[in-house]
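Read the structure below first, then the notes.
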Amino acid sequence: MDTMQALRALLDPASRPDPYPLYARLRDAGPTWVESVSALVVARYADCDALLRDPRLSAERGRDQLKHMARVLPADAPSSVLQPWFLSLDPPDHTRLRRLVSKAFTARSVARMESSIAVLTDELLDAAADRTHMDVVADLAYPLPMTVICRLLGVPMADEPLFRDWSARLTRLIDGFDARMTSDDTMPGWLHASVEMHRYVSGLVDARRSDPGDDLISELLAIRHEGDTLTHDELISTVVLLLVAGHETTVNLIANSVLALLRCPDRLSALRDDPTTAPALVEETLRFDPPVQLTARVVSEDAEICGVPLSRGSFVYLMLAAAHRDPSQFDRPDVFDPNRTDLTHLAFGLGPHFCLGAPLARLEARIALTRFAQRVIDPAASQDPPPYREHLNLRGPRALPLTHSGIRPAGQLRTMPVGSSTSGDHDR
């Protein structure tokens, strides 16, 4: 099987339960130019690690897409739809926007959320206590980060169904091979969703501008740095990004972590007895079964990348999930082992584009895993492998049904979850 055949197989939904043998083929092939997708495919850890830091590779992979979007958008579409997410910008634009946003998204503000996230997790588990079964995705992994990000931004939870639909369509933008615009003048479903979501968020921003509250949108409106502030379009684009990225990947991180524990009962038992093992479990999940499987960059100048001559504008696909199973980097890479000494990964990126929401995602996952282990008695997966989402890039179960013997009352627990550990919370 050559590289193109492996890529086609990855696009096949039948590969979702276990794509890792296909990633191994891509890794074994080495960096390969694939003409049919006009991209260099890179899958080894050392290469991905180096290229995420390489200044010759640009994150601005959607400039041509924005030009096409401008042609097909309706005349009354918000102008903010054409404002790129700051994670898709390069310095100095990326540096400026990230600096402004990070002032309202600090590690200290995330740490203050620990107790409220623990209470919310307990409430979600309480709701499943009168049943002998639960769906980890529907009952815990999805509502936890969605509720947290809505509360953080001041979005009414009554509008959550709108965001579920918009986000499901917008994630096409994050799905790698399926993100580019078609050449005709039709609007894809994700672009319709983007227009609708930007209109909604614009209304929220206008309301907070006239009546500020105790929420992140109000904080973003008030931010100043050396006379600089977010423009209206930048603010709306940032809020949309936070709403989508603020829950989509964390849903998968929690679900993938629980699935790993269900398959390793000894790890689940160890977590129940010692909550301080939660950070390592989360980090190993990020390596072993990452919620984001790949990322893309664009060559900003003619250059030789991994020994392959590339012209300016060429795409480079970094297959992070393949890199995380690289035997030259990890001992027994296909084994889930939170006790490994080589516990590192690229799941949150590196350098200036290191994920701004990493501390919150880690905190939510640690608390969810700890409370699940402490409270859910004898959980057993009803279906393994579970049904997976259709996405190639955003990897996680569509549902994770399980049976259990009961759910312990939160008041009976002797230890509280450990969510505030800073293990792994660094920007490499």
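In table form, for the structure just shown:
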| item | result |
| --- | --- |
| Matching entry among ARG312, ARG263, ARG267, ARG332 (being under 19 Å from ALA59 (Cα atoms) and open to solvent by 50 Å² or more (accessible area, probe 1.4 Å)) | ARG312 |
| Hits in segment 277-321 (condition: touching a helix residue (DSSP H, G or I) at 6+ places or on another chain (Cβ under 8 Å) and of a type in the set (Lys, Arg)) | ARG297 |
| Sole residue being surrounded by 15 or more Cβ atoms within 10 Å (Cβ to Cβ) and out of contact with any strand residue (DSSP E or B) (no Cβ under 9 Å at 6 or more places or on another chain), chosen from PRO19, PRO55, PRO92 | PRO19 |
| Residue that is open to solvent by 10 Å² or more (accessible area, probe 1.4 Å), within 19 Å of ARG208 (Cβ to Cβ) and either touching a residue at least 60 places away in the same chain (Cβ under 8 Å) or small (Gly, Ala, Ser) (or both), where the choices are ALA138, ALA158 | ALA158 |
| Residue under evaluation LEU66, criteria (1) surrounded by fewer than 17 Cβ atoms within 10 Å (Cβ to Cβ); (2) of a type in the set (A, V, I, L, M, F, W, C); (3) touching a residue at least 60 places away in the same chain (Cβ under 8 Å); (4) closer than 17 Å to MET197 by Cβ, criterion not met | (3) |
| Conditions (1) charged (D, E, K, R); (2) modelled with pLDDT of 90 or more; (3) open to solvent by 30 Å² or more (accessible area, probe 1.4 Å); (4) closer than 30 Å to PRO387 by Cβ: number failed by ARG27 | (3) |
| Residue within segment 188-211 that is open to solvent by 40 Å² or more (accessible area, probe 1.4 Å), modelled with pLDDT under 90 and more than 28 Å from PRO387 (Cβ to Cβ) present | no |
| Residue in segment 278-287 that is aliphatic (A, V, I, L, M), closer than 26 Å to LEU26 by Cβ, modelled with pLDDT under 90 and surrounded by 19 or more Cβ atoms within 10 Å (Cβ to Cβ) present | no |
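Per-residue answers, yes or no, for (1) assigned to a helix (DSSP H, G or I); (2) within 21 Å of VAL201 (Cα to Cα); (3) touching a strand residue (DSSP E or B) at 6+ places or on another chain (Cβ under 7 Å):
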site: MET134; (1), (2), (3): no, no, yes
site: ASP139; (1), (2), (3): yes, no, no
site: PRO145; (1), (2), (3): yes, yes, no
site: VAL148; (1), (2), (3): yes, yes, no
site: ARG151; (1), (2), (3): yes, yes, no
site: VAL155; (1), (2), (3): no, yes, no
site: LEU162; (1), (2), (3): yes, yes, no
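Every residue, every condition in (1) part of a loop (DSSP other than H, G, I, E, B); (2) under 15 Å from LEU170 (Cα atoms); (3) without any contact (Cβ under 8 Å) to a residue 60 or more places away in the chain, yes or no:
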{"site": "LEU204", "(1), (2), (3)": "no, no, yes"}
{"site": "ALA207", "(1), (2), (3)": "no, no, yes"}
{"site": "GLY213", "(1), (2), (3)": "yes, no, yes"}
{"site": "LEU221", "(1), (2), (3)": "no, no, yes"}
{"site": "THR238", "(1), (2), (3)": "no, yes, no"}
{"site": "LEU243", "(1), (2), (3)": "no, yes, no"}
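The values are calculated or read from the model by the stated rules, or taken from the named source; none is laboratory data. Note that this is a predicted model, so its numbers are computed, not measured. Using ideal geometry, Cβ is built from the backbone for each residue, glycine included, and neighbour counts are taken over all protein chains shown. Surface areas here come from the heavy atoms of the whole protein model, side chains and all, with no ligands, DNA or RNA. Shrake-Rupley method; radii C 1.70, N 1.55, O 1.52, S 1.80 Å.
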